[in-house]
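Shown next, in structure tokens, is the structure this report addresses.
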């Protein structure tokens, strides 16, 4: 799998699961994955080159295929964005050939059929600005509460505040290792939408491997988040939902210098 993949994102697509040995033509053109178009939630199939000789487009282009029955049956190919190279039609033809190879016999694959026939995920309503402010205040109070409690306790010897106010989370697996049905297209939202930009003081990429999870926000910032285990009801008010899981922003707290209690002087003995 390419190291350029950002977890389970490839271009505008969220990759779900690899379909192994789904069709006879898959091995000749690359690997086949089920995916969603991240902005629209529509189901899609994704083919990636995995070996020399596999189809790899030289540049970006976008096509749309449409079929109709009125006033007479037809199939149409629309070009939304044409390739700009020396042989644009050849590039389009190669891409359609690659898709045709992996589609051959795919109608007999139940998982692929169920995925392609699933409805698009419904977009969730955005939060109002005052709701963002209220939640940010709640998070700030939650982060400060442990520090206030610690200030009232006796200072132990050689104690040190952890560098991150976060909980450990298991890093999201690569796309081909994701379980079937890891995300349900018809599920209701389980938490708040991710904010369009990171919170003040939130850690940004590169994130700590095995502890933090990197998510790209709408402004393009790759911010660090930690996964939390909440019930669906609790996550609606206490966390942020992303791909069916609940997260909180990873906001570091400064390390406090270690200190020890002062040793009182030994009183001098009086002469007898």
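Quick notes on this one:
- Shape of the range 9-116, Cα gyration tensor, a/c cut at 1.5: rounded
- The range 9-116: relative contact order as a whole-number percent, Cα under 8 Å and 6+ apart: 26
- Computed lengthening from residue 89 to residue 111, 0.36 nm per intervening residue step minus Cα-Cα distance: 4.7 nm
- Fewest neighbouring Cβ atoms within 10 Å first, the residues 40, 69 line up as 69, 40.
- Counting neighbouring beta carbons within 10 Å and listing from fewest to most, the residues 229, 29 come out as 229, 29.
- Summary of packing: across the peptides 71-78, 198-205, 30-37, the per-residue average of other C-beta atoms within 10 Å ranks them, highest first, as 30-37, 198-205, 71-78.
- Taking each residue as 0.36 nm, the span from residue 100 to residue 193 lengthens on full extension beyond its C-alpha to C-alpha distance by 29.8 nm.
- Annotation: peptides 50-61, 101-112, 242-253, ranked by per-residue average of other Cβ atoms within 10 Å with the highest first, follow the order 242-253, 101-112, 50-61.
- Chain lengthening between residue 221 and residue 80 when straightened (0.36 nm per residue, less Cα-Cα): 48.0 nm
- Counting neighbouring beta carbons within 10 Å and listing from fewest to most, the residues 63, 194, 19 come out as 63, 194, 19.
FYI, it's all coordinate maths here, none of it is from the lab. For clarity, every value in this text was computed on a predicted model and none was experimentally measured. All Cβ positions, glycine included, derive from the backbone under ideal geometry; neighbour counts span all protein chains shown.
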